[in-house]
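Below: one structure, written as structure tokens.
The values are calculated or read from the model by the stated rules, or taken from the named source; none is laboratory data. Source: prediction; values computed, not measured. Using ideal geometry, Cβ is built from the backbone for each residue, glycine included, and neighbour counts are taken over all protein chains shown. Heavy atoms of the whole protein, side chains included, go into the accessibility calculation; ligands, DNA and RNA do not. Shrake-Rupley method; radii C 1.70, N 1.55, O 1.52, S 1.80 Å.
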Amino acid sequence: MIKRLRAEALTIYAALAFAYLMLPIAVVIAFSFNNPKGRFNFTWQGFTLDNWLHPFGFPGLGPAVRLSLEIALLSSVLATAIGTMMALALVRYGFRGRGVINTLIFLPMTTPEIVMGASLLTLFLNRGVATGFTTILIAHIMFNISYVVVTVKARLVGFDRHLEEAAMDLGATPWTTFRKVTLPLIAPGILSAALIAFALSVDDFVITYFNAGSETTFPLFVWGAARVAVPPQINVIGSMIFLVAIVLMFANIILQRRRGATTVTTVPPTAPAPATAPATAPVTA
């Protein structure tokens, strides 16, 4: 029994760690079906589906979610485009200052968010830029680029450049090679980077709080609502975001597996060499 426990110790530890991580999400999903009698949604008071039938029934929740999704979509698309080009330049080209740029890429990932938020707010105020939608978008693009560059670089490091060389040897232009060879092969990394950027943008609170002005995103709405009430609709929206993220993650995994299956080529068996007639000695009279 003890030997079996030792053999399964790592599995048990991983299961407990996974359960610890998933417990808050399970509470959020469970309380999205709660039917509180008052303003507070802290104790279980009955099961209901009304919260899921009217997810935006709480005043102000719908505009906050819409704003968060708009900023997340725009920032993830722009950050993915800029970050992918930066990753290509850093991996494939040698230029002066390349090492410094590689180091600076990690600074937004290691700098505390409160420092970044306050620094951006100071920059915008000194330049006379009114805080609002534009400043939130700029801030989200800024910290998302680092994650995109790191993710796409990891994909490019293991990329076989001979495939591009073969395409150009067959007459493909650089743009055609990039569009039909390079881009499809690094697409899983780009998609992963876009999903990470989208999730970080939807989740961000500290940097958004400094640069939001009069705008209210979903995290800011949750923070404000938690001081006076916690409507179950907030749990519904959180559950929806989690379920959409899970679906997109599995879709990305399936896409990568299908791409991997299509790239596997089978070598046809070689035909046997034709039998040669045995050499005969010349006949002499």
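When only the Cβ of Lys, Arg, Asp and Glu is charged (+1, +1, -1, -1), the dipole of the range 93-161 relative to its Cα centre reaches about 300 debye. Taking every protein chain into account, the 1.4 Å probe leaves R179 with about 110 Å² of accessible area, to the nearest ten.
Here's the list of lysines a cross-link from K180 could span, going by alpha-carbon distance under 25 Å and ignoring same-chain residues fewer than 8 apart: K153.
For the range 56-163, the solvent-accessible area with a 1.4 angstrom probe is 55 square angstrom per residue. The listed residues W175, W52, once ranked by accessible area (1.4 Å probe) with the largest placed first, stand as W175, W52. Restricting the range 3-50 to trypsin sites (Lys or Arg not before Pro) that sit in a DSSP loop and have at most 13 other Cβ atoms within 10 Å of their own Cβ leaves K37, R39.
The range 77-146 and the range 149-194 have their alpha-carbon centroids 24 Å apart.
Where only DSSP H runs of four or more residues are counted, the chain gives -22500 deg cm²/dmol as its mean residue ellipticity at 222 nm, each run worth -39500 (n - 2.57). Between the Cα long axis of helix 113-126 and the first principal axis of the chain there is an angle of about 80°, rounded to the nearest 10. The solvent-accessible area of L78, taken with every protein chain present and a 1.4 Å probe, is close to 80 Å².
Only one residue of F42, A72, V157 has its Cα farthest out toward the positive end of the dipole of the chain, where Lys and Arg carry +1 and Asp and Glu -1 on Cβ, and that residue is V157.
Taking M86, M168, M109 in turn, the Gaussian network model of the chain (Cα-Cα springs below 10 Å) assigns the largest fluctuation to M168.
With respect to the chain, whose longest principal axis is taken over its alpha-carbon atoms, helix 232-263 is tilted by about 0°. Around the Cα centre of the range 31-189, unit charges on the Cβ atoms of Lys, Arg, Asp and Glu (plus for the first two, minus for the last two) sum to a dipole of about 220 debye. Among V181, A9, I136, whose Cα sits farthest toward the positive end of the charge dipole of the chain (+1 at Cβ of Lys/Arg, -1 at Cβ of Asp/Glu, about the Cα centre)? Going by the Cα projections, it comes out as A9.
Fully extending the segment from L255 to V77 would add 62.1 nm, taking 0.36 nm per residue of separation and subtracting the current Cα-Cα distance.
Between helix 61-92 and the chain there is an angle of about 30 degrees, using the helix long axis and the longest principal axis of the Cα atoms. Carbon-plus-sulfur accessible fraction, the range 190-229 (probe radius 1.4 Å, protein heavy atoms only): 66%. Evaluated with a Cβ-only charge set (Lys, Arg +1; Asp, Glu -1), the chain carries a dipole of roughly 380 debye about its Cα centre, given to the nearest 20.
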